[in-house]
Amino acid sequence: MSEKRVYTFGNGKAEGKADMRNLLGGKGANLAEMNLIGVPVPPGFTITTDVCNEYFEKGKDEVVALLKDDVEKSVKHIESLMGCKFGDASNPLLVSVRSGARASMPGMMDTILNLGLNDTVVEGLARKTGNERFAYDSYRRFVQMYGDVVMGMKPVNKEDIDPFEAIIQNVKAQRGISLDNEMNVDELKQLVTLFKDAIKQQTGRDFPNDPMEQLWGAICAVFDSWMNERAILYRKMEGIPAEWGTAVNVMAMVFGNMGNTSATGVCFSRDAATGENIFNGEYLVNAQGEDVVAGIRTPQQITKEGSRRWAELQGISEEERIEKYPSMEEAMPEIYQKLNMLQNKLEEHYKDMQDMEFTVQEGKLWFLQTRNGKRTGTAMVKIAMDLVKEGKIDEKTALMRCEPQKLDELLHPIFDKDALKKAKVITQGLPASPGAACGQIVFHADDAQKWHEDGHRVVMVRIETSPEDLAGMSAAEGILTARGGMTSHAAVVARGMGKCCVSGAGAINVNYKNKTVEIEGIVYKEGDYISLNGSTGQVYAGEIPTRAAELSGDFKELMDLCDKYTKLQVRTNADTPHDARIARAFGAKGIGLTRTEHMFFEDKKIVAMREMILADSVEGREKALAKLLPYQKADFKGILEAMDGCPVNIRLLDPPLHEFVPHDLKGQQIMADEMGVSVEEIQKRVASLAENNPMLGHRGCRLGITFPEITAMQTRAILTAACELKKEGKNPKPEIMVPLIGILYEFKQQKEVILKTAKEVFEKEGIEVKFEIGTMIEVPRAALTADKIASEAEYFSFGTNDLTQMTFGYSRDDIASFLPVYLEKKILSVDPFQVLDQNGVGQLIKMAVEKGRAVRPGMRTGICGEHGGEPSSVKFCAKVGMNYASCSPFRVPIARLAAAQAAVEE
Ligand code: PEP
Ligand code: MG
C-alpha cells in the first residue's frame, strides 16, 4: 500500500499522472494528466483507492484521523490557487466531490456539487457574484444532492417521485409556473428550508452547517457507495474485483449557472453510438452538470450539424431550433472553437474516443473530466478500425481495444425490413443505444426482473432511469424513457450493457401508479407489446419480427484482422444445416461438435428411436435402426453439404436413453399406441431405464459398447452421406467422435465397429471418403491416460461441460441450488460451467494435450464444451496450444477475437 494517501493537482501541475489509474482511479489519473498537457482543469486533489480499502478494514474514524492533515493541507492548496477560502463568507471556495474507480461505475455515488455552502456562506457568495438568485439556486441544489447521496433521502414508496422533486413541484404549483429556472430568490430560499425540514423529518438528523463536516460526510459517502447494492451488482456484471476500491476527487467548483455566458455540457470526440468520427455532445446555458444528465431540461447540441439533425428527428423547424435550441457552435462560437481544439488534443493524446465534461464560467472554459468513452459494440469496432486507418494505432492495438463479449451486440437481430415498413410508429425519441427490441411493457425494475424470470421478453418504460434500475435494465430487451438526452443515465448505461434504448421520448406520458403509458392519446398497459428501434429512436406499437445480423463492413475487417494474427481456429457447435450456415457466415472454419441426439426428436424419428429403445433383442434394435438410418443420413448430408470443404466432427449418440421416452402417462399412452403394445409395457421399460445418477450412468460410449448396432448405424449414415456427396462432386470432411471415453479399450472397441462399418459402406458405394476417428476428453481418467488413448484416437476434443462436472463433482444440472451461496461466500468467483477453471480442469486439459502429442506428434486438439465461446477460456485454450475452439454460431466472432487477442498477448 502506498504511503501517500492524497495527490493534488492544479494550475498545470499534478502529483499524479495518467498511468496511475489503479491508485487514483480513472477520473483522478486523467484530471492529473489533463493538467500536465495544458487542458484547463479546476484545482483539486484525489484520495487514493488504497484508502478505500483502508476505510473498510480500519473503519471510518481511524481513516478520517489518518487523512485529516493531508486533506486540510490539500484544501489549502486549492484555496491558494483559487484565491478564496473554504467556509469564508466574504470570499468562499466551494468544491465538488466525486467518486472515481479504475473502471467507470454507474452504480456508485457520482457527484456532489457546491459543497461548502451554508446559511452565511450563501450570503457571501451572493455578494461576491452580485447574483443572489445564482447563490440560492446553488445552495438548494447542494442541499438536495447532499440530502440524497450522503444523508440517504429516498422516495418512501416506489410509486412516489423523489421527495425533493415533490417539494419543488409544490412550490412551482403555488406560483403557477412550470420551469425550475422561473423560480425567484424567495422561492429558492423557501426550498432550502423545506429541504432541510424534510431531511430532519425523514432521517432524524440536522443538515450539517460546518463545511469541513460536510466534506468529511461526502468523502465517507463516496467510500460507502463502493459497497452499495447497485455498485456490487455492477461489479458482478462486469467482473470488477471489490479490492480495486474507489478514489475520491475533490475539486474547486466552477459554475455553469452564473448567467448567459456560463454553460455546462458533455461531449464525445466521436459518436458513441455509431462510431462515426463526428464531434458531438450536449450543453445547457446557465445550468449545472446534473441538469444535462438528469434530463430535467432539454439539452442543446454542441455542433450546428448535430443540432440540425436533432431538430429534424424531433420535428422542430429551423426557425424554432435557432430561437430556442441553438448549438454551442452558433451561440458561443469562441468557446466552441476552444472546446473543439481541446477535444481534438485529448483524443490525440489518449488515442481513443474521449467522453468529456466541461463547464463554462462567465466565458472561461474548464474541463471537469475526460475518459475513454463508453460505446456500443458497433462503435467499438468502427472506432478501432478507423483509428488504424488514420494511422493513430496499430492493428494489434485495435484488436486489443475491442472487447470480445461486446461483439454480441453486433450479432443480435435487427427488425425485419419488410415488417418494419408496415409497422406503425407511435412516437419518436432519441436513438440512445442501437439495436432492435420487442417485448411486453413493464414499468418497474423489479417487475422487469420477475417477468423476465417467468420467460417474458420485456421493455422497461420509465420517466427516467436511475442506478436503482440497473438489474431491471439488464433483464429487459430494451428501455424507453420519457425524459433524458443522449447522455442521460438510461442512455449511458444501456450503451454500456449493449441494450437497445430510446430515451427522451417527450410525448409519452408514464403513470407508474396505474401502470400505463399514454402515447398520442392511446393508453398502453403493462403487458402490451411494444417495439423499439434504438438506432433511429422510433417506437412502434405491437410486435415486429426481427432478422439476423450479418458480418460486413468494419466488423468483417476486424474479423479479417483476427485471422491475420490468430493461431487458434474457431469452429462451431451445430446440429442443423441452418446453424452450420449461420456459423460459416460468421467465419467458423468447420464444425467442432454435432450432437446427433438433437436430430432424433422430430416426429417420425422419435417413433423409430423409441422402437429401438423398446426392442429387447439385437434383431429388434436393428430393425428399428434401419428405419432411423435414412433420416440420419439425410441429416448428416445436409450438415456436411452446408460445411462443404470444412471438417465436420460428428459425435455418436451420447445421452442416457431415458431422455427419449415419455415420463407422463399421456405421453406413454401415445407411445403405447404407436408401438402397438400396452401402456404397462411402456411403463415397465421406462422404469427399467431409470438410474440414480443418469449423468454418470448408461450414456456416452457405454451405449455404443452395449449396443454396437447403434454405432454401426450412425457410422453408416455419416459415411454413406459423405460418399453420396463426393459422387456429387462435393468435398465432405467427416470426423467421427466417440463420447465419454475413460478407458483405452472402450475407444478401441468402438473404433473397430466404425472401421468395419466403413469398409462395408465403401465397398457398397464403390467409393471411399477420407475420415478420422477421434474422441471426446470429458472423463478425468481419459485426461490422466491421454497418452494411451492417443495411441488409437486421431484427435481429442475436450468436452469441458462433463469434464468440469466430473472434476469438481458438481452435477451440471443441479449447480443452481448452491452456486449463488458459493459465489456470495467467495468459495467460487465465477460459475465454472461458464468460465473454465484454469487451475483445476485446465490442468487436466494441459496435461492431456501434452501427453497426447507425446505419443502422436502434432495431434489435433480442440474444445467443444460451453467454454469454447467464453473469451478467457478461449485464451487459455490458445495458451495450451489447442488447434481450435468450437462454440455456438452466435459466439463464433467473439471466440475469433479472443483467439486473436491471445496470439497478440503471447
Ligand atoms: C461436454 O461435455 O462438454 C460436451 C460438449 O458434451 P455435452 O454437453 O453434450 O455433454
Ligand atoms: Mg459431454
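Of the strands (runs of 3 or more DSSP E) lying entirely inside the range 531-598, those containing at least 3 residues that are under 20 Å from LYS733 (Cβ atoms) and within 16 Å of ligand 1 (Cβ to nearest atom) span 569-573, 591-595.
Elements of the type helices (runs of 4 or more DSSP H) sitting completely within the range 304-404 and holding at least 2 residues that are without any contact (Cβ under 8 Å) to a residue 24 or more places away in the chain and within 28 Å of ASN11 (Cα to Cα): these cover 333-350.
Kindly evaluate GLU3 against the criterion of being touching a strand residue (DSSP E or B) at 6+ places or on another chain (Cβ under 9 Å) and of a type in the set (D, E, K, R).
no
Condition test on VAL510, is it at pLDDT below 85, surrounded by 20 or more Cβ atoms within 10 Å (Cβ to Cβ), of a type in the set (Val, Ile, Thr) and touching an Asp or Glu at 6+ places or on another chain (Cβ under 9 Å)? Here the answer is no, as VAL510 does not meet what is asked. Restricting the range 800-815 to residues that are within 12 Å of ligand 1 (Cβ to nearest atom), of a type outside the set (S, T, N, Q) and farther than 14 Å from GLY842 by Cβ, the residue that is surrounded by the fewest Cβ atoms within 10 Å (Cβ to Cβ) is ASP813. For ASP19, the criteria (1) free of Cβ contacts under 8 Å to residues at least 12 places away in the same chain; (2) surrounded by 16 or more Cβ atoms within 10 Å (Cβ to Cβ); (3) of a type outside the set (A, V, I, L, M, F, W, C) hold in every case but one, which is (2).
When you scan the range 135-143, do you find a residue that is β-branched (Val, Ile, Thr), buried (at least 17 other Cβ atoms within 10 Å of the Cβ) and part of a helix (DSSP H, G or I), even just one?
The initial filter retains those residues of the range 135-143 that are β-branched (Val, Ile, Thr), namely 143.
With the extra rule that they be buried (at least 17 other Cβ atoms within 10 Å of the Cβ), the set shrinks to 143.
Those still in the list that are part of a helix (DSSP H, G or I) too: 143.
Looking for residues that are β-branched (Val, Ile, Thr), buried (at least 17 other Cβ atoms within 10 Å of the Cβ) and part of a helix (DSSP H, G or I), one finds at least one in the range 135-143, hence yes.
Restricting the range 778-813 to residues that are within 16 Å of ligand 2 (Cβ to nearest atom) and of a type in the set (D, E, K, R) leaves a set whose member that is farthest from the chain's Cα centre (by Cα) is ARG781.
Within the option set LEU823, LEU755, being more than 16 Å from ligand 1 (Cβ to nearest atom) and out of contact with any strand residue (DSSP E or B) (no Cβ under 9 Å at 6 or more places or on another chain) holds for one residue only, LEU823. Listed by first and then second residue, the pairs linking a residue in the range 802-822 that is within 25 Å of MET237 (Cβ to Cβ) to a residue that is within 15 Å of ligand 2 (Cβ to nearest atom) and polar (S, T, N, Q), with Cβ atoms under 8 Å apart and 6 or more places separating them unless they lie on different chains, are TYR810/THR804; ARG812/ASN801; ARG812/THR804; ARG812/GLN805.
Checking each residue in the range 781-798 for being surrounded by fewer than 17 Cβ atoms within 10 Å (Cβ to Cβ) and assigned to a helix (DSSP H, G or I) picks out ARG781, LEU784.
The residue that is modelled with the highest pLDDT, among those in the range 669-699 that are of a type in the set (Lys, Arg) and surrounded by 14 or more Cβ atoms within 10 Å (Cβ to Cβ), is ARG699.
Counting only residues that are in a loop (DSSP other than H, G, I, E, B) and of a type outside the set (Lys, Arg), how many does the range 405-443 have? Please lay out each step first, then the result.
First, the residues of the range 405-443 that are in a loop (DSSP other than H, G, I, E, B): 412-413, 416, 423-424, 429, 434-435, 443.
Okay, now just the ones that are also of a type outside the set (Lys, Arg), so 412-413, 416, 423, 429, 434-435, 443.
Qualifying residue count for the region: 8.
The set of residues from the range 676-721 being under 18 Å from ILE650 (Cα atoms), assigned to a helix (DSSP H, G or I) and not aliphatic (A, V, I, L, M) comprises CYS701, ARG702, GLY704, PRO708, GLU709, THR711, GLN714, THR715, ARG716, THR720. Determine whether ALA505 is surrounded by fewer than 22 Cβ atoms within 10 Å (Cβ to Cβ), at pLDDT 80 or above, aliphatic (A, V, I, L, M) and out of contact with any Cys (no Cβ under 9 Å at 6 or more places or on another chain). No, not satisfied. Among the residues of this structure, MET847 does not count as one that is within 16 Å of ligand 2 (Cβ to nearest atom) and either modelled with pLDDT of 95 or more or among the hydrophobic types (A, V, I, L, M, F, W, C) (or both).
Pick from the range 229-254 the residues that are of a type outside the set (A, V, I, L, M) and surrounded by fewer than 16 Cβ atoms within 10 Å (Cβ to Cβ): which of them is nearest to the chain's Cα centre (by Cα)?
To start, the set of residues in the range 229-254 that are of a type outside the set (A, V, I, L, M) comprises 229-230, 234-236, 238-239, 241, 243-246, 249.
With surrounded by fewer than 16 Cβ atoms within 10 Å (Cβ to Cβ) added as a condition, the list becomes 229, 236, 238-239, 241, 243.
On the way: GLU229: 18, LYS236: 11, GLU238: 7, GLY239: 10, PRO241: 16, GLU243: 21 Å.
Once the filter is applied, the top-ranked residue is GLU238.
Listed here are the residues, each with its yes/no results for (1) within 29 Å of LEU696 (Cβ to Cβ); (2) of a type in the set (A, V, I, L, M, F, W, C); (3) in a loop (DSSP other than H, G, I, E, B); (4) at pLDDT below 95.
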{"site": "CYS723", "(1), (2), (3), (4)": "no, yes, no, no"}
{"site": "GLU746", "(1), (2), (3), (4)": "yes, no, no, no"}
{"site": "LYS751", "(1), (2), (3), (4)": "yes, no, no, no"}
{"site": "LYS756", "(1), (2), (3), (4)": "no, no, no, no"}
{"site": "GLU768", "(1), (2), (3), (4)": "no, no, yes, no"}
{"site": "ILE773", "(1), (2), (3), (4)": "yes, yes, no, no"}
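Identify all residues within the range 199-223 that are in a helix (DSSP H, G or I) and touching a residue at least 60 places away in the same chain (Cβ under 8 Å); write none if there are none.
Filtering the range 199-223 for residues in a helix (DSSP H, G or I) gives 199-203, 211-223.
Matches in the range 199-223: PRO211, MET212, GLN214, LEU215, TRP216, GLY217, ALA218, ILE219, CYS220, ALA221, VAL222, PHE223.
Of all residues in the range 700-722, those being buried (at least 21 other Cβ atoms within 10 Å of the Cβ) and either over 19 Å from LYS605 (Cβ atoms) or among the hydroxyl-bearing types (Ser, Thr, Tyr) (or both) number 7.
Checking each residue in the range 454-502 for being farther than 18 Å from SER535 by Cβ, assigned to a helix (DSSP H, G or I) and at pLDDT below 90 picks out PRO467, GLU468, ASP469, LEU470, ALA471, SER474, HIS489. Would you pick out the residues in the range 852-869 that are in contact with a strand residue (DSSP E or B) (Cβ under 8 Å, 6 or more places away or on another chain), away from ligand 2 (no atom under 16 Å from the Cβ) and either part of a loop (DSSP other than H, G, I, E, B) or among the aliphatic types (A, V, I, L, M) (or both)? Matches in the range 852-869: MET859 only. Restricting to the range 650-668, give me the number of residues that are surrounded by 15 or more Cβ atoms within 10 Å (Cβ to Cβ) and either β-branched (Val, Ile, Thr) or more than 13 Å from ligand 1 (Cβ to nearest atom) (or both). The number of residues fulfilling the criteria is 7. In contact with a Gly (Cβ under 9 Å, 6 or more places away or on another chain) and free of Cβ contacts under 8 Å to residues at least 40 places away in the same chain - does that describe any residue in the range 760-772? The answer is no; no qualifying residue exists. When PHE771 is tested against the conditions (1) surrounded by fewer than 22 Cβ atoms within 10 Å (Cβ to Cβ); (2) within 16 Å of ligand 1 (Cβ to nearest atom), the lone failure is (2).
The values are calculated or read from the model by the stated rules, or taken from the named source; none is laboratory data. Just so it is clear, the model here is predicted, and its values are computed rather than measured. Neighbour counts are summed over all protein chains in view; Cβ atoms, including those assigned to glycine, are modelled from backbone coordinates with ideal geometry.
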